[in-house]
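Down below is the structure, laid out as structure tokens.
The values are calculated or read from the model by the stated rules, or taken from the named source; none is laboratory data. Not measured: the values here are computed from a predicted model. Note that we place each Cβ from the backbone using ideal geometry, even for glycine, and neighbour counts take in every protein chain shown.
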Ligand code: GDP
Ligand code: IMO
Ligand code: MG
């Protein structure tokens with residue numbers, strides 16, 4: 001079973017970091033294929049807690065090679081500081097590999113992200129302000145800067161000039177900001193070249209060779225299905241493809257090589273930033289989920305919006321990703337409710353709808369139709385087997401599985417590596 005994709009089935013923060021880290025001990029490579037340091041993946045190992053933004057969560061497993069694929073956008077300053085932070089804590093980062101084709105986030109991308117958001121005013125997306133959208137926009141506009149450009153000063157200068165020509169006009173004339181000097185940017189970027197050179201290689205060749213040799217490769221998504229620029233709640237999305245197809249383009253492997261696609265699914269729902277969210281709670285239950293679940297953003301520190309589980313979204317994630325398994329996380333957070341509402345369908349202008357509406361206005365009007373499932377009060381954080389769970393918790397998982405269209409193969413009952421019930425092996 002050599003190639004697996006692990007991705008978020010909702011709006012991000014489902015617990016991908018924990019799930020990737022859990023598998024990291026049994027896989028040869030963990031590859032990030034899209035996004036950048038907008039991601040915040042928490043990994044808890046014993047009494048140590050790590051917050052990873054750009055580095056694949058496999059970096060914490062000694063036998064595993066972490067890879068940053070071509071589809072990722074890399075802020076070199078963030079990358080180097082994340083690496084040194086881990087090294088100070090005794091983590092070996094020397095195996096890291098970075099695609100020379102990955103695009104660089106430069107200071108002007110971060111500036112553009114922030115001014116664009118400010119300009120949008122109340123229509124803003126609520127981005128993480130990390131320059132993600134503008135960097136992907138430059139990539140698509142063919143004025144991006146790639147990691148390999150760091151190693152050729154003449155090409156780098158020409159490319160920065162081409163990118164800034166237009167951007168400086170926009171910054172000065174539209175946003176009333178100071179123009180950015182080409183030399184300043186080139187100098188800063190060249191300053192990263194020596195530190196990064198040793199990590200850069202042809203990751204596509206490497207990964208395909210590894211798969212030919214039956215090595216196990218895990219592709220780790222950032223964000224989640226509903227934040228996908230094609231399949232998410234556009235325009236309230238990120239600017240890349242966290243869905244399964246993104247693993248192929250973002251790492252340079254063909255779809256025929258992918259054996260398994262694991263959707264990480266929270267036992268309730270959260271979202272950070274603006275955009276529609278049918279099961280969002282504005283009452284005490286929402287506050288309780290936020291507090292018990294520790295639902296505060298790892299990257300921006302913003303409170304996460306919280307709501308009940310939405311089976312329409314889970315089914316949609318199964319469909320657009322071809323999910324083979326779910327990893328259901330944070331079941332422990334639901335302990336203590338007498339009964340737990342689960343959204344089984346939407347009511348839209350008097351119609352009952354069971355599939356995610358493709359029409360944005362319909363989705364904005366969607367009212368959740370809830371089914372009540374009986375809750376449990378026993379502490380489940382020590383459960384090791386499915387049968388250790390109280391009957392009502394078992395029934396909750398089975399109901400979600402039935403509604404969501406793929407088997408629940410693992411269940412998270414706490415943030416730690418060992419706080420996991422493995423039902424079916426992923427490998
Ligand atoms: P990611 O972005 O998908 O990697 O998720 P985040 O790290 O942003 O958010 C998930 C949070 O839930 C982190 O604080 C994890 O430590 C925590 N977590 C993951 N799985 C579980 C679980 O099963 N139970 C509990 N209580 N916490 C979990
Ligand atoms: P992980 O990997 C949750 C959201 C932002 C904003 C939108 C666009 O930890 O699950 P961007 O900066 O990407 O242009 O912002 O996407 N967003 C996330 N929400 N988890 C994430 O990552 C996210 N990365 C981006 O809040 O609404
Ligand atoms: Mg996160």
Fill in: Residue list for region 276-293, filter: touching a residue at least 60 places away in the same chain (Cβ under 8 Å) and within 16 Å of ligand 3 (Cβ to nearest atom)
none
Worksheet, complete the sentence: Restricting attention to region 349-379, the residues that are over 27 Å from the mean Cα position of the chain (by Cα) and surrounded by 12 or more Cβ atoms within 10 Å (Cβ to Cβ) number exactly 10
Worksheet item: Of the residues 270, 238, which is over 22 Å from residue 410 (Cα atoms), within 16 Å of ligand 3 (Cβ to nearest atom) and either at pLDDT 95 or above or surrounded by fewer than 19 Cβ atoms within 10 Å (Cβ to Cβ) (or both)?
Response: 238
Item to complete: Report yes if residue 71 is more than 20 Å from residue 243 (Cα to Cα) and part of a loop (DSSP other than H, G, I, E, B), otherwise no.
Response: no
Worksheet item: Out of (1) in contact with a helix residue (DSSP H, G or I) (Cβ under 9 Å, 6 or more places away or on another chain); (2) within 21 Å of residue 408 (Cα to Cα); (3) within 16 Å of ligand 1 (Cβ to nearest atom), the odd one out for residue 345 is which?
Response: (3)
Item to complete: Might you let me know whether region 107-121 holds any residue that is in a loop (DSSP other than H, G, I, E, B) and either touching a strand residue (DSSP E or B) at 6+ places or on another chain (Cβ under 8 Å) or under 20 Å from residue 190 (Cα atoms) (or both)?
Response: no
Worksheet item: Can you name every residue in region 44-64 that is within 16 Å of ligand 3 (Cβ to nearest atom) and assigned to a loop (DSSP other than H, G, I, E, B)?
Response: 53, 54, 55, 56
Discussion item. Being assigned to a helix (DSSP H, G or I), more than 13 Å from residue 311 (Cβ to Cβ) and in contact with a helix residue (DSSP H, G or I) (Cβ under 6 Å, 6 or more places away or on another chain) is the filter here; which residues of region 382-422 pass it?
Written reply: none
Fill in: Residue within region 167-182 that is buried (at least 19 other Cβ atoms within 10 Å of the Cβ), within 23 Å of the chain's Cα centre (by Cα) and assigned to a helix (DSSP H, G or I) present
no
Item to complete: Mind counting the residues in region 293-313 that are closer than 24 Å to residue 408 by Cα and surrounded by 15 or more Cβ atoms within 10 Å (Cβ to Cβ)?
Response: 10
Worksheet item: In region 28-43, which residues are more than 10 Å from ligand 3 (Cβ to nearest atom) and either within 19 Å of residue 300 (Cα to Cα) or buried (at least 24 other Cβ atoms within 10 Å of the Cβ) (or both)?
Response: 29, 30, 31, 32, 33, 34, 35, 36, 37, 43
Discussion item. Among the residues in region 23-40, are any part of a strand (DSSP E or B), under 15 Å from the mean Cα position of the chain (by Cα) and closer than 23 Å to residue 415 by Cβ?
Written reply: yes
Worksheet item: Which condition breaks for residue 192 when tested against (1) over 19 Å from residue 55 (Cα atoms); (2) in contact with a helix residue (DSSP H, G or I) (Cβ under 6 Å, 6 or more places away or on another chain); (3) not assigned by TED's automatic domain parsing to the domain that holds residue 320?
Response: (1)
Fill in: Candidates 69, 46, 100, filtered to the one that is touching a strand residue (DSSP E or B) at 6+ places or on another chain (Cβ under 8 Å), within 16 Å of ligand 1 (Cβ to nearest atom) and in contact (Cβ under 8 Å) with a residue 40 or more places away in the chain
46
Practice prompt. Would you be able to say whether some residue in region 144-160 is over 21 Å from the mean Cα position of the chain (by Cα), in the same structural domain as residue 123 (by TED's automatic domain parsing), at pLDDT below 95 and closer than 27 Å to residue 123 by Cβ?
Written response: no
Discussion item. It is to be established whether one or more residues within region 324-331 are within 16 Å of ligand 3 (Cβ to nearest atom), assigned to a loop (DSSP other than H, G, I, E, B) and crowded, with 21+ Cβ neighbours inside 10 Å.
Written reply: yes
Discussion item. Among the numbered criteria (1) assigned to a strand (DSSP E or B); (2) modelled with pLDDT under 95, which one does residue 219 miss?
Written reply: (2)
Response to the item:
Scanning region 250-275 for residues that are without any contact (Cβ under 8 Å) to a residue 24 or more places away in the chain and touching a helix residue (DSSP H, G or I) at 6+ places or on another chain (Cβ under 9 Å), the one nearest to residue 422 (Cα to Cα) turns out to be 255
Discussion item. What's the total number of residues in region 304-323 that are within 16 Å of ligand 3 (Cβ to nearest atom) and either modelled with pLDDT under 95 or under 17 Å from the mean Cα position of the chain (by Cα) (or both)?
Written reply: 2
Worksheet, complete the sentence: Of the residues in region 238-270, those that are within 16 Å of ligand 1 (Cβ to nearest atom) and assigned to a loop (DSSP other than H, G, I, E, B) come to 238, 240, 242, 243, 267, 268
